[in-house]
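In what follows, a single structure is set out as structure tokens and then discussed.
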Amino acid sequence: MHPADTKNFINKLTPRRLVNAIKVLSSYYLSRITKKPVQWGMPITVSIEPTTACNLRCPECPSGLRSFMRPTGNLQQPLFQNIIDQLRKDLLFLIFYFQGEPYLNKDFLDMVKYASEKGIYTITSTNAHFLNDENAQKTIDSGLDRLIISIDGTTQEVYENYRKEGELNKVLQGTKNIVKWKKKMGSATPHVVFQFLVVRPNEHQMEDVLQLANELGVDEVKFKTAQVYDFENGNPLLPTNEKYSRYRKQKDGTYRIKNKLLNHCWKLWHSCVITWDGKIVPCCFDKDAQHQLGNLTEHNFKNIWNGSAYNIFRKKILTGRNKIDICTNCTEGTKVWL
């Protein structure tokens, strides 16, 4: 985190949230030592899905490919407010995305504002195609703390190579709108991040995006390695510089993920993902919600978090993580931000 962003985050800490974080961390390490699932406290962070809809067709994304096997739809405000009311006293920060483009949910910014008013640090990620002047102003007004803008190229030709059907000029204009309204409203937030997903077609523009961010007044640039589904025999998206790849080439010419898949996973103790219709799944790698651990339309969060389904899944992680399908292409334990 940058200094101003760090200060903003620390200002949202409360004694209760700090104690909860210590309890969660302690139970995680105790579980690793004993190989038995122990869970103290509530999640430090959750990811909530505003929508499954997206205007783009990115090749490695279920939203872009329109390939979901689960129901699709938009998060409704009553369900969202119920979730926040259950978690707000312990929750440090809320990641407001999973699949889909958040701004396609017409109530998205109202929901951000609801969480912000509870003192929760809020983050979202967008392709920035809907950051028109009105939405930019509403974004500042919502109290959003961090805005991640996906920009995977500095020219239209390179950008659309991955962001299929995307328009770079809309991304740049949306960024300008946000920066303009931050200045107009005298707001330090949101902290604006350019996220650059490094793939072979765009890796030559990494220096360019740093310069572009500086010109536009963007606060930070993060380079992220890309998850691909078909990697064993290579993939046109894998960058030539292995530093920016999640996968390592073997002597026989095949590729394998750099992760050693050790039998532990911090995500299962401190966070979870909640789909638009209230299903709780272990993490962001379960894009089709195949490992449902509970449903918030049927049970309260605390009962699910401490329930048998969650404990069984945590035990599987501690004893045989490499046997769980969503873990085999997972980066927990590898460096994905560069």
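Some observations on this one:
- Selected residue (criterion: least open to solvent (accessible area, probe 1.4 Å)) from residues of the range 291-319 that are assigned to a loop (DSSP other than H, G, I, E, B) and touching a residue at least 40 places away in the same chain (Cβ under 8 Å): 296
- From the list 192, 209, 158, the lone residue that is more than 21 Å from residue 95 (Cβ to Cβ) and touching a helix residue (DSSP H, G or I) at 6+ places or on another chain (Cβ under 9 Å) is 158.
- Taken over the range 242-254, the criterion of being touching a strand residue (DSSP E or B) at 6+ places or on another chain (Cβ under 7 Å) and either closer than 29 Å to residue 38 by Cα or open to solvent by 50 Å² or more (accessible area, probe 1.4 Å) (or both) is satisfied by 242, 248, 249, 250.
- Looking across 269, 276, one residue alone is aromatic (Phe, Trp, Tyr) and either assigned to a strand (DSSP E or B) or open to solvent by 20 Å² or more (accessible area, probe 1.4 Å) (or both). It is 276.
- Selected residue (criterion: farthest from the chain's Cα centre (by Cα)) from residues of the range 96-123 that are under 20 Å from residue 5 (Cα atoms) and in contact (Cβ under 8 Å) with a residue 60 or more places away in the chain: 119
- If you go through the range 209-262 and keep only what is of a type outside the set (Ser, Thr, Tyr) and in contact with a Gly (Cβ under 7 Å, 6 or more places away or on another chain), you end up with 259, 260, 262.
- When the range 227-255 is limited to residues that are at pLDDT 80 or above and part of a strand (DSSP E or B), the one that is nearest to the chain's Cα centre (by Cα) turns out to be 245.
- Breaking point among (1) outside any strand (DSSP E or B); (2) over 28 Å from residue 52 (Cα atoms); (3) free of Cβ contacts under 8 Å to residues at least 12 places away in the same chain, for residue 263: (3)
- Residue that is least open to solvent (accessible area, probe 1.4 Å) [pool: residues in the range 48-85 that are over 25 Å from residue 199 (Cα atoms) and among the polar types (S, T, N, Q)]: 51
- Residue list for the range 25-47, filter: aromatic (Phe, Trp, Tyr) and open to solvent by less than 40 Å² (accessible area, probe 1.4 Å): 28
- Among the residues of the range 13-36, at least one is part of a loop (DSSP other than H, G, I, E, B), in contact with a helix residue (DSSP H, G or I) (Cβ under 8 Å, 6 or more places away or on another chain) and not hydroxyl-bearing (Ser, Thr, Tyr).
- Inside the range 152-180, residues that are assigned to a helix (DSSP H, G or I) and open to solvent by less than 30 Å² (accessible area, probe 1.4 Å) make up a count of 10.
- Scanning the range 61-81 for residues that are out of contact with any Asp or Glu (no Cβ under 7 Å at 6 or more places or on another chain), assigned to a loop (DSSP other than H, G, I, E, B) and in contact (Cβ under 8 Å) with a residue 12 or more places away in the chain yields 61, 72, 76.
- In the range 198-238, residue nearest to residue 158 (Cα to Cα) [restricted to those that are in contact (Cβ under 8 Å) with a residue 40 or more places away in the chain, surrounded by fewer than 16 Cβ atoms within 10 Å (Cβ to Cβ) and in contact with a strand residue (DSSP E or B) (Cβ under 7 Å, 6 or more places away or on another chain)]: 222
- Here is the figure for the range 37-55: residues that are at pLDDT 95 or above, part of a loop (DSSP other than H, G, I, E, B) and touching a Leu at 6+ places or on another chain (Cβ under 8 Å) total 7.
- Single condition residue 124 does not satisfy, out of (1) within 21 Å of residue 196 (Cβ to Cβ); (2) hydroxyl-bearing (Ser, Thr, Tyr); (3) open to solvent by 10 Å² or more (accessible area, probe 1.4 Å): (3)
- Considering each residue of the range 194-213 in turn, at least one proves to be assigned to a strand (DSSP E or B), more than 17 Å from residue 129 (Cα to Cα) and out of contact with any Asp or Glu (no Cβ under 6 Å at 6 or more places or on another chain).
The values are calculated or read from the model by the stated rules, or taken from the named source; none is laboratory data. Quick caveat, the model's predicted, so the values are computed rather than measured. Cβ coordinates were reconstructed from backbone atoms using ideal geometry, including for glycine residues, and neighbour counts include every protein chain displayed. The accessibility values were calculated without ligands, DNA or RNA, using every heavy atom of the protein model including side chains. Shrake-Rupley method; radii C 1.70, N 1.55, O 1.52, S 1.80 Å.
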